[in-house]
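Peer 1: Before we start, here is the structure in question, set down as structure tokens.
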Amino acid sequence: MAGTDMDPEVARGLFEEGATLVLLGVPEGTELGLDYKTWTLGPRFRGVKMIPPGLHFLHYCSTNSNEACGEIGPKTGLFLSLKPREVLVAHWNQREDDLEFTRDPEEAERMRANLRELDGYLGPYPYDTLRKWVSLTDRLSQEVAIALQPLSGRVCAFSDVVPELKLTHTKDREEQNLPRNDQECRSMKEGLDRLPRMKLREGTELRFSNIPEQAYPPGSTPAQITQYSMDWSYALNCVLESYYKEQPLNILGELQFAFVCFLIGNVYEAFEHWKSLLALLCRSEEAMKERKDLYLGLIAVLYHQLGEIPPDFFVDIVSQNNFLTSTLQVQFTRFSPLKSQFQLKT
């Protein structure tokens, strides 16, 4: 990890007041990052120092040292809320290829007492990316992050799936009226039907808000269904009532959580949810009039997010029906007549 050019007095103050992650036994060559910065670790790495208090995203990809090509595994991440002067200690579990955070307060105190000796093995927090990280997470609170991340505490780039049914033996398949695997398939469909049905391992799924599939209230007339299909404010209000009744603006935190999990954590499911949530917000015209603070916040969130999206996201050479382009066209077309009501300052 490269050092950061900084005034010695400032660095000393940050070392004393900042949080520290002591990460022991992480294999050399592992790709590890904190927030918006990623490093390839060397043999001396023992953790990260001078971390500003607040919410952070620790992410890492283990490396297979047995392979000649040094294969990098899928990315794993977790959100951490750190306090001033806090010391968190984790050990690398070689069998699980994962970090295990210790719950032993005595070990944490020992590490705190030995921080001066560890200093040469700790990389400094990347303050050159702090402003960007804050701009991408300023609406995301610790409470929202905890509520959205998997119960396991790990955000994984690849889903951890298990079979819905344990079909170890032929008789198990027969009991479920499924075709035997020792018989030749007669069609592609039959072959696909023989594949086990998979589900996410319990505790590993992201806990996003459920967006209603039906965008109109029960008992709506055909005319009302048409209206609700054009203006999704009813569906948005359902989400806010179910998940963010006390703090409606926290839905912006969920939008940021999904974006970070996609952009930094490489979680495709998070990208799909970000798109769905953004479409819901952008297509709710009546809500724009009723929830001005929410939409002023949305504009700020989108301003920073769109600055991080690669340019080719706006070009779809296959269908020429790009999601971002069409959704944002709807957003700003509907927002335009409301500019005077929002009293925007240019």
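Peer 1: For residue 230, what accessible surface area do you get with a 1.4 Å probe? Give it in Å², rounded to 10.
Peer 2: 120
Peer 1: Between residue 109 and residue 151, what is the spin-label point distance in nm, taking each point 7 Å from the Cα along the Cα→C-beta axis?
Peer 2: A separation of 3.4 nm, rounded to one decimal place.
Peer 1: Rounded to a whole number, what % of the accessible area of the range 32-153 do carbon and sulfur atoms account for, probe 1.4 Å?
Peer 2: Carbon and sulfur: 47 percent of the exposed surface of the range 32-153.
Peer 1: Ok, one more. For the peptides 99-109, 246-256, what is the packing order when you average, over each peptide's residues, the other Cβ atoms within 10 Å and list the highest mean first? Could the numbers behind the result be given before it?
Peer 2: Values: 99-109: 12.8, 246-256: 19.4.
In decreasing order of mean packing, 99-109, 246-256 become 246-256, 99-109.
Peer 1: Give 75/275; 37/75; 83/292; 132/289; 37/245; 245/292 a once-over and call out the pairs whose C-alpha atoms are over 25 Å from each other.
Peer 2: Beyond 25 Å between Cα atoms: 83/292; 132/289; 37/245.
Peer 1: So, one more: For the range 8-136, report the accessible area per residue in Å² (1.4 Å probe, heavy atoms, rounded to an integer).
Peer 2: That works out to 51 Å² per residue.
The values are calculated or read from the model by the stated rules, or taken from the named source; none is laboratory data. Keep in mind that what you see is a predicted model, and the values were worked out from it rather than measured. FYI the Cβ positions are ideal-geometry reconstructions off the backbone, even for glycines, and counts take in every protein chain you see. Keep in mind that these areas ignore ligands, DNA and RNA; they rest on the heavy atoms of the full protein, side chains included. Shrake-Rupley method; radii C 1.70, N 1.55, O 1.52, S 1.80 Å.
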